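A short write-up of the structure that comes next.
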Amino acid sequence: MLSPRTNAALALSLLFAVFLWGGNNSGTKLLVASWPPIWTGGTRFLCAGLLLLAVFRWTNWLGDRHAPSAVLRRQLWWRGGLSLAAYIVSFNWALRYTSASHVALYLGASPVWALLWEGRLTRSWRIAQRYGAALLALSGVAVLLWPALKIAGVSLPGEALGVAASVLWTNYGRQCRALSTNLTGAEVTAHTMWRAGVWLTPLALMEVGRGGLAWDEKLVWVQAYCIVAGGVLAFGIWNNALRHWPTSQVLLFNNLIPLSTMTWAHFWLGEAVTPTFWVAMLLVAAGVIMGQLSFEKGSVPQPLAQTEV
């Protein structure tokens, strides 16, 4: 059982990660408009992972370093690195075709996927509540997706890739929680990031060979921010929280990422807010909150007890 002070510190750290990710999402939107999406994500993760490993190697800022066993190294390749690689491909290509705010909002539905993964399919009020929460959140996604089905100027592939990124992000969170048994959150971040970068290297080189690479100093600085702030700091905070809280509880903070991303994108990129954004966000947030609370008959709604993956 964690102390109130520890829980508060975890919550504040996740709020800071949300702020960093808002800038990262907007920065990535800017990058993929000029750079190949897979190359952008692969080089970001490769650099961020190696940077974290260097910090572990030469300093004690992030705590003691643990050498993963042969079995754990294989799991880091197949469960951590590959799942993170699949996520960033879907995420970056979604940003190529649709707005940063929309993609961030789809990620806001990830706590619902986590709740469904964590529950067993039995006849009970709790399971009915989980599926009701999922349907409520999905209705928000549908509200956001509907214009893409009716308006030619909105990209259906971009919206679909955003939904896929949300599911893949949830899967990565579950894998990280399982891998955190013998490694710290920062270590899991480092090992899964550079492995994701290696997985994506062949595809990234194919992208660059086919379309070239526009080298611009501004883009290099944006990529540096994404590596250090959106990669090293934010992912380290997120994985540290996963060691103490269940996946669904950590992912609850994803609901704030659309607000952070929309603010960054509006003031930095001049990105307009679509009319359906606020309605969709309210529905997604309501679904997540419904899934997190207990409404048993005769009881006061309280957060659900932590459940292991």
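Just a few scattered comments:
- Distance between the pseudo-spin-label points of Thr59 and Ala178 (7 Å out from Cα toward the beta carbon): 3.3 nm.
- Along region 233-239 the Karplus relation, 6.51 cos²θ - 1.76 cosθ + 1.60 evaluated at θ = phi - 60°, assigns HN-Hα couplings of 5, 5, 5, x, 4, 5, 5 Hz to successive residues, with x for each Gly and Pro.
- Sorting the segments 23-33, 175-185 by their mean number of nearby beta carbons within 10 angstrom, highest to lowest, gives 23-33, 175-185.
- Inter-label distance, nm, simple model (7 Å from Cα along the C-beta direction), Ala11/Thr201: 4.4
- Additional length obtainable on full extension of the chain from Leu51 to His244, 0.36 nm per residue less Cα span: 67.0 nm
- Counting 0.36 nm for each residue step from Val208 to Met1 and taking away their Cα separation leaves a gain of 69.6 nm.
- 3J(HN,Hα) from dihedral phi, region 201-213, Karplus parametrisation 6.51/-1.76/1.60, rounded to Hz, x for glycine, proline: 4, x, 5, 5, 5, 5, 4, 5, x, 7, x, x, 9
- The chymotrypsin sites (Phe, Trp or Tyr not before Pro) of region 164-273 meeting both criteria, a DSSP state outside H, G, I, E and B (loop) and at most 16 other C-beta atoms within 10 angstrom of the site's C-beta, are Trp215.
- For region 155-255, accessible area per residue (1.4 Å probe, heavy atoms of protein chains only), Å²: 37
- Loop-located chymotrypsin sites (Phe, Trp or Tyr not before Pro) in region 1-108 (DSSP state not H, G, I, E or B) with no more than 14 neighbouring Cβ atoms inside 10 Å: Trp61.
- Kirkwood hydrodynamic radius of region 1-91, Cα pairs, Å: 15.9
The values are calculated or read from the model by the stated rules, or taken from the named source; none is laboratory data. The shown structure was predicted, so the numbers you read here are calculated from the model rather than taken from an experiment. Heads up, the Cβs are rebuilt from the backbone with ideal geometry, glycines too, and the neighbour counts pull from every protein chain shown. Accessible surface is based on the protein model in full, side chains and every heavy atom, while ligands, DNA and RNA are left aside. Shrake-Rupley method; radii C 1.70, N 1.55, O 1.52, S 1.80 Å.
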